[in-house]
Amino acid sequence: MSDGTSPKATAAPAGLVTLNDQRTGKSIDLPVLDGSVGPSVIDIRKLYGQTGYFTYDPGYTSTGSCESKITFIDGDEGVLLYRGYAIEELAQQSDFMEVCYLLLEGELPNVQQKGAFEKNITYHTMLHEQLQYFLRGFRRDAHPMAVMVGIVGALSAFYHDSTDISDPKQRVIASHRLIAKIPTIAAMAFKYSTGQPFVYPRNNLSYAENFLHMVFATPCEDLKISRSVVRAMDRILILHADHEQNASTSTVRLAGSSGANPFACIAAGIASLWGPAHGGANEAVLNMLAEIGSKEHIPEFIKRAKDKDDPFRLMGFGHRVYKNYDPRAAVLRQSCHEVLEELGVHHEPLLDLAMELERIALEDEYFVNRKLFPNVDFYSGIILRAMGFPNEMFTVLFAVARTVGWIAQWKEMIEDPEQKIGRPRQLYTGYGKRPYVSMDKRN
Ligand code: SDX
């Protein structure tokens, strides 16, 4: 085991586990691999060839799908590290462009590296002018996530000069284009839904401020955005940037493993993120709080969340990995108070309701026994709503932030010399082979 600070070149063999098959009396030794921090793995790559068995793990609750050096999560301790740096420190001391560089390159940039990276991103923020006509094909009331999936998938038709994934230079250009253009697309999706004109990116603004400007500015007057709101937006982007092998990241890796171009892979990731069990939860939290309405109704909804016959779940609560407070939720809860204060919102009933809901849930043994704590989605929507975003834009923001994480993971996969197409197997319980029955013989 390493000292836990320096990365390993690759996983290191660390002994064996023996599988004794009582059905055949045979046994097989399987290698154990150690990472630098966190659980070791049993290498089962030879299992099927040597035993004829597949493993079975729907939802991948106990399966490591890849080796990675990007993000580490300790779910029991509520720890989240980007390239070894704690999320709390990055949220407090870094900025999103620096975090993008860190996730992509593995180290914090020096002044020159950061300046060059930021300039590269800035000068890719404009979209091909033809794309706005593609966007205008959507209904005005289309969910902005539908627009994001469609437009990002279509980027490969407009930027086909950066779709050859075997060319490192094209991979870099496609990566920078996606990170740079995703906020522009998100802002256009919002403007299109409101009937307001699109606002072009401005090269003199930071990434977060540029995004807010494209969303909220109009040609009629200059928009003043407070520094603390820009800082809060930048922090929200940092907190959502990457999160190990979650559903949407695994989708991007699987799509990329077939050699699909990065624009198509990120569109697949956006589609997966949209689900209410994943990134769509932030929108679902605000809808849930509106449905609960007041503190008096909380016990009724807690009861419903515990009822197996009721599909209702406490949105923004629980996590596949965190069995402790999601460290991102803690930062966002603090940020909530700061942003509301800055915006002069001295009384936000939704925040009061959310905090009371959290207090009651965390005292209830159902949630305590199952280690269900607030996750990243529980407080993010309240801040975004206070900033002026409608509920249906919350997951769009999650996608804007997560694009860099998806790209960093896709890049790591593509550059992995052992990379091969992802192709899981199954436990088949359907019919065995049977003869065709002609229509006249069917009942
Ligand atoms: C994100 O993976 C990531 O890293 C994702 C993410 C990222 O940054 O990429 O962190 C972002 O997606 C956060 C999660 C957002 N989703 C929600 O807030 C939706 C509500 N949460 C649940 O749907 C659920 O907690 C999941 C989907 C997040 C996790 O589900 P799991 O790991 O499959 O857990 P489970 O469904 O097996 O639940 C275990 C038990 C069950 O009860 P029992 O069968 O043991 O009796 O806990 C219960 C569940 O019924 N449970 C809940 C609950 N979450 C789990 N009960 C009520 N309300 C909930 N929210």
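The values are calculated or read from the model by the stated rules, or taken from the named source; none is laboratory data. If you're wondering where the values come from, they're calculated on a predicted model, not measured in any experiment. Using ideal geometry, Cβ is built from the backbone for each residue, glycine included, and neighbour counts are taken over all protein chains shown. The accessibility values were calculated without ligands, DNA or RNA, using every heavy atom of the protein model including side chains. Shrake-Rupley method; radii C 1.70, N 1.55, O 1.52, S 1.80 Å.
Values as computed for the structure displayed
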item	result
Taking the convex hull of Cα positions in the range 285-384, its mean projected area over all directions (nm²)	6.2
The range 350-443, accessible area per residue, ligands and nucleic acids excluded (1.4 Å, Å²)	55
Whole-number D in µm² s⁻¹ for the range 176-217, Kirkwood Cα-pair radius fed into Stokes-Einstein, 10 °C, 1.306 mPa s	156
Dipole magnitude (debye, nearest 20) for the chain, charges at Cβ of Lys, Arg, Asp, Glu	1720
Computed Kirkwood radius, in angstrom, where 1/r is averaged over Cα pairs of the range 1-57	12.8
Distance from the range 247-301 to the range 69-139 (C-alpha centre basis), Å	19
Of 8/411; 8/114; 191/411; 69/169; 181/411; 69/411, those spanning more than 20 Å from alpha-carbon to alpha-carbon	8/114; 191/411; 69/169
The chain: DSSP helices with Cα axial extent of at least 24 Å and average Kyte-Doolittle hydropathy no lower than -0.5	168-194, 394-414
Unit charges on C-beta of K, R, D, E only; dipole of the range 90-162, Debye	380
Contour minus Cα-Cα distance for residue 439 and residue 347 (0.36 nm per residue)	26.2 nm
Ratio of the Cα radius of gyration of the range 1-150 to 2.2 N^0.38 Å, where N counts its residues	1.54
Approximate spin-label separation residue 421-residue 224, in nm, with each point projected 7 Å along Cα-to-Cβ	5.9
From the C-alpha gyration tensor of the range 58-117, square roots of 5λ in Å	27, 14, 8
Intensity falloff of the chain expressed as log10 I(q)/I(0), Debye formula with alpha-carbon point scatterers, at q = 0.09, 0.10, 0.11 Å⁻¹	-0.64, -0.78, -0.93
Per-selection Rg to Rh, the range 109-205 - Cα, Kirkwood hydrodynamic radius	1.01
Positive-pole candidate from 94, 292, 251, dipole of the chain, charges at beta carbon	251
Fully extended contour minus Cα-Cα distance, from residue 65 to residue 160, at 0.36 nm per residue	31.2 nm
For the range 45-159: accessible area per residue (Å², 1.4 Å)	56
The range 194-311 - accessible surface per residue (Å², probe 1.4 Å)	43
Range of Cα positions in the range 337-421 per principal axis (Å), largest first	54, 37, 21
Three-way shape label, the range 208-348, alpha-carbon gyration tensor, a/c 1.5	oblate
Isotropically averaged projected area of the range 385-443, using the convex hull of Cα atoms (one quarter of hull area), nm²	10.7
Solvent-accessible area, 1.4 Å probe, carbon plus sulfur percent, for the chain	53
Residue with peak Gaussian network fluctuation, the chain [Cα springs, cutoff 10 Å], from 48, 200, 85	48
